[in-house]
Each structure stands twice: as structure tokens, then as C-alpha cells.
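Beneath this line is the structure, given in C-alpha cells, with notes to follow.
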Amino acid sequence: MNKTPLIPCPHCDGLNRIPEGKKPEAGRCGHCKRPLFAGEPMVLNTARFAVHAGAADLPLVVDFWAPWCGPCRAMAPAFAAAAASFEPRVRLAKVNTDEEQALAGRYDIRSIPTMIVFRGGKELARVSGALPPSDMTRWIEAQLSAA
């Protein structure tokens, strides 16, 4: 990772760098002036996905889900809690597969929920099926250690 990682804003998608020596969690977007870390999963569409998965130095964990999926809804609170605990080391986001069918197709999403870890535009790992909170935390931590 660069000494000054490239971090997209979760609000306006503007690209930012945190100066060396500054705390990332205190960073603000140079474009919209809002915090760079919101402590909650972002909602991504295809355009936003390209910025956050492709341009960022920050690892991205994406939950591919659908509103009608019971296991997806059951896992949502744990995923939201993980976003609050893992930022600023990693960003968590959600992609609604009903609304973003082309994106789900590009990543061959056959089962939901599916979580995929991206870094530098590349898929690093994936897991399908709802995970209990402790298993989700362990899985994300393991992927960060491997990356």
C-alpha cells in the first residue's frame, strides 16, 4: 500500500489522499468536506463500484444481496457492525443484485448473500451464504491478513 493511500469518498466518490502522519479516521474529503469514513456500509451501483473497487488503495468488502433474501436481511446488522469496527482499514459496501444485475453477472454471483474482497480492482476472496457475526469478523480479518 502507498504511504499515502488513495481513498474514495463514500459520499461524493471524490478521490483523496490522507497525508502521511494523519489519522485516516479523521480524514475529510477534499471535494465535499464530509468524513472519509462513515462507519456504515456504502451502497454501490455500477459507476460507484468502479471507483471504490478499482481506483482505491483501500480493500473493499462487498456484500452482494437482494431485498427479498431472508439470509441477506438476517446478515445485514452484522455487516453494518463490521463496517463500523473495520474502518479505516477496509471499506464495506453493499450491491443490490436486483438493481445491479450486470454487476452481479460480471462477478458470477449465483448465490446470495455473497461477500467478495477487492483490492486494486482485483477479486481476492469470496464466500457465499450468510455468516454469523463472529464468523464474518474472522473471515474479513483473515482476508485482510492475506492481502
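The values are calculated or read from the model by the stated rules, or taken from the named source; none is laboratory data. Keep in mind that what you see is a predicted model, and the values were worked out from it rather than measured. Quick reminder, even Gly has a Cβ in these numbers, built from the backbone with ideal geometry, and neighbours come from all protein chains shown.
Restricting attention to segment 64-76, does a residue exist that is in contact with a Cys (Cβ under 8 Å, 6 or more places away or on another chain), under 19 Å from TRP139 (Cβ atoms) and surrounded by 18 or more Cβ atoms within 10 Å (Cβ to Cβ)? First the steps, then the outcome.
First, the residues of segment 64-76 that are in contact with a Cys (Cβ under 8 Å, 6 or more places away or on another chain): 65-66.
Right, trim to under 19 Å from TRP139 (Cβ atoms) and you get 65.
The next check asks that each one be surrounded by 18 or more Cβ atoms within 10 Å (Cβ to Cβ); those that pass are 65.
Yes.
Of all residues in segment 123-142, which are more than 27 Å from LEU6 (Cβ to Cβ) and either assigned to a helix (DSSP H, G or I) or free of Cβ contacts under 8 Å to residues at least 12 places away in the same chain (or both)? Give the derivation first.
Initial filter on segment 123-142 (more than 27 Å from LEU6 (Cβ to Cβ)): 128-135, 138.
Matches in segment 123-142: PRO133, SER134, ASP135, ARG138.
Need a quick list: strands (runs of 3 or more DSSP E) entirely within segment 1-96 having at least 3 residues that are modelled with pLDDT of 95 or more and not basic (Lys, Arg).
Values: elements: 6-8, 15-17, 60-65, 91-96.
Those strands (runs of 3 or more DSSP E) span 60-65, 91-96.
Could you check segment 98-122 and list, in sequence order, the residues that are surrounded by 13 or more Cβ atoms within 10 Å (Cβ to Cβ), part of a strand (DSSP E or B) and not hydrophobic (A, V, I, L, M, F, W, C)?
THR114, ARG119
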